[in-house]
1. Any chance you could check the Cα centroid distance between region 155-176 and region 24-99 for me, in angstrom?
2. Hey, what do the phi angles of region 100-117 turn into as Karplus ³J(HN,Hα) couplings, whole Hz, using 6.51/-1.76/1.60 and θ = phi - 60°, x for Gly and Pro?
3. In debye, nearest 20, what is the charge dipole magnitude of the chain about its Cα centre with +1 on Lys and Arg Cβ and -1 on Asp and Glu Cβ, if you could check?
4. Using a 1.4 Å probe and counting only protein heavy atoms, arrange Glu167, Glu19, Glu4, Glu107 so the residue with the most accessible area comes first.
5. Sorting check: for 173-181, 124-132, 57-65, which peptide has the highest mean count of neighbouring beta carbons within 10 Å, and how do the rest follow?
6. Where nothing but the Cβ of Lys and Arg (+1) and of Asp and Glu (-1) is charged, how large is the charge dipole of region 128-188 around its Cα centre, in debye to the nearest 20?
7. Stokes-Einstein D for region 1-71 at 4 °C, 1.567 mPa s, Kirkwood Rh over Cα pairs, in µm²/s?
8. Enumerate the calculated ³J(HN,Hα) couplings along region 69-80 in order (Karplus 6.51 cos²θ - 1.76 cosθ + 1.60, θ = phi - 60°), each rounded to whole Hz, writing x wherever the residue is Gly or Pro.
Amino acid sequence: MPGEFQIIRDYFHRKTRDEALVLGIGDDGAVLRPRADRDVVVVTDTIVAGRHFPHGFSAADIGWRALAVNLSDIAAMGATPRFAFLNLTLDDTNPKWLRDFAAGFFELAEAASVTLAGGDTTQGPLSVTVTLIGDVSTGAALTRSGAKHGDVVCVSGTPGEAAAGLEMLQSGGHFDHPLAQRFRRPVPRLELGEQLRGHASAVIDVS
(Lines give C-alpha, C1' and ligand atoms only; values in the text may rest on other atoms or scores of the structure.)
Protein backbone atom coordinates (compact mmCIF):
# COMPACT_ATOMS: atom_id res chain seq x y z
CA MET A 1 0.00 0.00 0.00
CA PRO A 2 1.39 3.48 -0.83
CA GLY A 3 2.49 5.63 2.09
CA GLU A 4 0.25 8.15 3.82
CA PHE A 5 1.88 11.24 2.32
CA GLN A 6 1.78 9.78 -1.17
CA ILE A 7 -1.93 8.97 -0.80
CA ILE A 8 -2.63 12.51 0.39
CA ARG A 9 -0.55 14.06 -2.39
CA ASP A 10 -1.97 11.87 -5.16
CA TYR A 11 -5.66 11.79 -4.24
CA PHE A 12 -6.70 14.30 -1.59
CA HIS A 13 -4.69 17.49 -1.90
CA ARG A 14 -6.79 20.35 -3.32
CA LYS A 15 -6.14 24.07 -3.51
CA THR A 16 -8.54 26.37 -1.70
CA ARG A 17 -9.20 30.09 -1.76
CA ASP A 18 -11.01 30.09 1.59
CA GLU A 19 -9.11 32.64 3.67
CA ALA A 20 -10.42 31.07 6.87
CA LEU A 21 -8.07 28.13 6.27
CA VAL A 22 -4.76 29.60 7.40
CA LEU A 23 -2.89 26.28 7.21
CA GLY A 24 -4.27 23.09 5.70
CA ILE A 25 -3.06 19.65 4.60
CA GLY A 26 0.64 18.92 5.08
CA ASP A 27 1.33 19.94 8.67
CA ASP A 28 0.65 18.35 12.06
CA GLY A 29 -2.64 20.20 12.26
CA ALA A 30 -4.85 22.65 10.43
CA VAL A 31 -5.12 26.30 11.46
CA LEU A 32 -8.56 27.83 11.03
CA ARG A 33 -9.58 31.44 11.55
CA PRO A 34 -13.21 31.66 12.75
CA ARG A 35 -15.34 34.47 11.38
CA ALA A 36 -16.60 37.18 13.71
CA ASP A 37 -20.18 36.89 14.99
CA ARG A 38 -20.37 33.20 14.05
CA ASP A 39 -20.66 30.12 16.26
CA VAL A 40 -18.62 27.08 15.23
CA VAL A 41 -20.50 23.79 14.76
CA VAL A 42 -18.58 20.48 14.74
CA VAL A 43 -20.03 17.09 13.77
CA THR A 44 -18.43 13.69 13.15
CA ASP A 45 -19.52 10.28 11.87
CA THR A 46 -17.87 6.95 11.09
CA ILE A 47 -19.06 4.49 8.45
CA VAL A 48 -17.76 0.90 8.48
CA ALA A 49 -17.77 -1.71 5.72
CA GLY A 50 -20.35 -4.42 6.35
CA ARG A 51 -22.13 -2.28 8.92
CA HIS A 52 -23.06 0.97 7.21
CA PHE A 53 -22.57 -0.10 3.61
CA PRO A 54 -22.26 -3.52 1.95
CA HIS A 55 -18.88 -5.10 1.26
CA GLY A 56 -17.98 -4.40 -2.37
CA PHE A 57 -19.89 -1.11 -2.34
CA SER A 58 -18.76 1.44 -4.95
CA ALA A 59 -15.76 3.45 -3.73
CA ALA A 60 -17.25 6.64 -5.19
CA ASP A 61 -20.50 6.05 -3.30
CA ILE A 62 -18.58 5.42 -0.06
CA GLY A 63 -16.79 8.74 -0.52
CA TRP A 64 -20.08 10.53 -1.14
CA ARG A 65 -21.90 8.89 1.81
CA ALA A 66 -19.05 9.53 4.27
CA LEU A 67 -19.41 13.26 3.70
CA ALA A 68 -23.20 13.25 3.22
CA VAL A 69 -24.01 11.86 6.67
CA ASN A 70 -22.02 14.69 8.23
CA LEU A 71 -23.55 17.33 6.00
CA SER A 72 -26.95 16.09 7.10
CA ASP A 73 -26.00 16.73 10.74
CA ILE A 74 -24.74 20.20 9.82
CA ALA A 75 -28.05 20.87 8.04
CA ALA A 76 -29.98 19.79 11.14
CA MET A 77 -28.08 22.44 13.10
CA GLY A 78 -29.02 25.12 10.56
CA ALA A 79 -25.31 25.70 9.92
CA THR A 80 -23.20 26.28 6.83
CA PRO A 81 -20.51 23.63 6.17
CA ARG A 82 -16.93 24.87 5.83
CA PHE A 83 -14.12 22.35 6.47
CA ALA A 84 -13.82 18.56 6.50
CA PHE A 85 -11.27 16.25 8.11
CA LEU A 86 -11.05 12.74 6.65
CA ASN A 87 -9.73 9.70 8.54
CA LEU A 88 -9.49 6.76 6.16
CA THR A 89 -8.72 3.21 7.31
CA LEU A 90 -7.86 1.09 4.29
CA ASP A 91 -7.65 -2.64 3.85
CA ASP A 92 -6.02 -4.09 0.74
CA THR A 93 -6.93 -1.34 -1.71
CA ASN A 94 -5.56 0.01 -4.98
CA PRO A 95 -5.11 3.30 -6.87
CA LYS A 96 -8.39 2.93 -8.78
CA TRP A 97 -10.31 2.53 -5.51
CA LEU A 98 -8.66 5.65 -4.10
CA ARG A 99 -9.35 7.66 -7.27
CA ASP A 100 -12.99 6.63 -7.24
CA PHE A 101 -13.38 7.31 -3.51
CA ALA A 102 -11.82 10.76 -3.87
CA ALA A 103 -14.03 11.49 -6.90
CA GLY A 104 -17.21 10.71 -4.95
CA PHE A 105 -16.05 12.62 -1.87
CA PHE A 106 -15.01 15.75 -3.76
CA GLU A 107 -18.06 15.72 -6.02
CA LEU A 108 -20.23 16.35 -2.97
CA ALA A 109 -17.63 18.53 -1.22
CA GLU A 110 -17.50 20.92 -4.16
CA ALA A 111 -21.30 21.04 -4.44
CA ALA A 112 -21.49 21.94 -0.72
CA SER A 113 -18.50 24.36 -0.81
CA VAL A 114 -16.57 22.21 1.67
CA THR A 115 -12.77 22.31 1.87
CA LEU A 116 -10.81 19.22 2.94
CA ALA A 117 -8.48 20.63 5.60
CA GLY A 118 -6.76 17.53 6.97
CA GLY A 119 -7.11 13.98 8.23
CA ASP A 120 -5.26 10.70 8.56
CA THR A 121 -4.82 7.39 6.77
CA THR A 122 -4.00 4.01 8.27
CA GLN A 123 -4.28 0.31 7.43
CA GLY A 124 -7.01 -2.01 8.70
CA PRO A 125 -10.62 -3.03 8.02
CA LEU A 126 -12.23 -0.49 5.73
CA SER A 127 -13.84 2.41 7.61
CA VAL A 128 -14.18 6.13 7.04
CA THR A 129 -14.50 8.88 9.66
CA VAL A 130 -15.30 12.44 8.64
CA THR A 131 -15.31 15.40 10.99
CA LEU A 132 -17.04 18.44 9.56
CA ILE A 133 -16.79 22.01 10.79
CA GLY A 134 -19.44 24.57 9.96
CA ASP A 135 -20.64 27.87 11.32
CA VAL A 136 -23.85 29.72 12.02
CA SER A 137 -24.78 33.21 13.20
CA THR A 138 -24.17 33.60 16.93
CA GLY A 139 -26.97 31.99 18.92
CA ALA A 140 -28.85 30.82 15.81
CA ALA A 141 -27.97 27.10 15.81
CA LEU A 142 -30.93 24.73 15.71
CA THR A 143 -30.93 22.11 18.48
CA ARG A 144 -32.96 19.14 19.66
CA SER A 145 -33.67 20.67 23.06
CA GLY A 146 -36.05 23.40 21.91
CA ALA A 147 -39.00 21.05 21.38
CA LYS A 148 -42.01 21.66 23.61
CA HIS A 149 -45.51 20.33 24.17
CA GLY A 150 -47.91 21.42 21.44
CA ASP A 151 -45.30 21.80 18.66
CA VAL A 152 -46.26 20.65 15.19
CA VAL A 153 -43.95 17.80 14.15
CA CYS A 154 -42.88 17.81 10.49
CA VAL A 155 -40.56 15.58 8.47
CA SER A 156 -38.91 16.29 5.14
CA GLY A 157 -38.58 13.61 2.50
CA THR A 158 -39.90 10.07 2.79
CA PRO A 159 -38.60 8.11 5.80
CA GLY A 160 -37.50 4.57 5.03
CA GLU A 161 -36.45 5.01 1.41
CA ALA A 162 -32.73 4.66 2.11
CA ALA A 163 -33.31 1.61 4.33
CA ALA A 164 -35.40 0.05 1.57
CA GLY A 165 -32.64 0.86 -0.90
CA LEU A 166 -30.04 -0.87 1.27
CA GLU A 167 -32.25 -3.94 1.63
CA MET A 168 -32.69 -3.96 -2.15
CA LEU A 169 -28.93 -3.78 -2.74
CA GLN A 170 -28.26 -6.56 -0.23
CA SER A 171 -30.75 -8.81 -2.03
CA GLY A 172 -29.16 -8.21 -5.43
CA GLY A 173 -31.31 -5.32 -6.64
CA HIS A 174 -30.18 -2.91 -9.34
CA PHE A 175 -27.92 -0.06 -8.26
CA ASP A 176 -29.77 2.44 -10.45
CA HIS A 177 -33.19 1.85 -8.89
CA PRO A 178 -34.50 5.09 -7.30
CA LEU A 179 -34.57 3.52 -3.83
CA ALA A 180 -31.01 2.25 -4.23
CA GLN A 181 -30.00 5.74 -5.29
CA ARG A 182 -31.47 7.14 -2.07
CA PHE A 183 -29.06 4.93 -0.12
CA ARG A 184 -26.07 5.30 -2.45
CA ARG A 185 -26.19 9.08 -2.90
CA PRO A 186 -28.27 10.77 -0.16
CA VAL A 187 -28.68 14.51 -0.66
CA PRO A 188 -28.22 16.52 2.56
CA ARG A 189 -30.91 19.17 3.10
CA LEU A 190 -28.55 22.08 3.68
CA GLU A 191 -30.81 24.72 2.15
CA LEU A 192 -33.79 23.55 4.21
CA GLY A 193 -31.73 23.66 7.40
CA GLU A 194 -30.77 27.27 6.75
CA GLN A 195 -34.37 28.19 5.96
CA LEU A 196 -35.57 26.72 9.27
CA ARG A 197 -33.41 29.06 11.36
CA GLY A 198 -35.67 31.37 13.32
CA HIS A 199 -38.75 29.26 12.56
CA ALA A 200 -38.24 25.71 13.91
CA SER A 201 -38.08 25.27 17.68
CA ALA A 202 -36.10 22.02 17.39
CA VAL A 203 -34.54 19.94 14.61
CA ILE A 204 -33.07 16.44 14.45
CA ASP A 205 -31.45 14.50 11.63
CA VAL A 206 -33.24 11.15 11.17
CA SER A 207 -31.22 10.01 8.14
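The values are calculated or read from the model by the stated rules, or taken from the named source; none is laboratory data. This structure is a prediction, so every number in the text was calculated from the model and none was measured. Cβ placement follows ideal geometry from the backbone for every residue including glycine, while neighbour counts extend to all protein chains displayed. These accessible areas exclude ligands, DNA and RNA; they are computed on the full protein's heavy atoms, side chains included. Shrake-Rupley method; radii C 1.70, N 1.55, O 1.52, S 1.80 Å.
1. Each part's Cα centre sits 22 Å from the other's.
2. For region 100-117, the Karplus curve yields 5, 4, 4, 4, x, 4, 6, 4, 6, 4, 5, 5, 9, 6, 9, 9, 6, 10 Hz.
3. Using Cβ point charges on Lys, Arg, Asp and Glu, the chain gives about 280 debye.
4. Result of the area sort, largest leading: Glu19, Glu167, Glu107, Glu4.
5. Averaged packing, sorted descending, gives the order 57-65, 124-132, 173-181.
6. Details: 5 positive and 5 negative charges, 15 e Å.
Computed about the Cα centre, the dipole is about 80 debye.
7. On the way: Rh = 15.1 Å.
The Stokes-Einstein estimate is 86 µm²/s.
8. Karplus-based 3J(HN,Hα) across region 69-80 equals 5, 6, 4, 5, 5, 4, 4, 5, 8, x, 9, 9 Hz.
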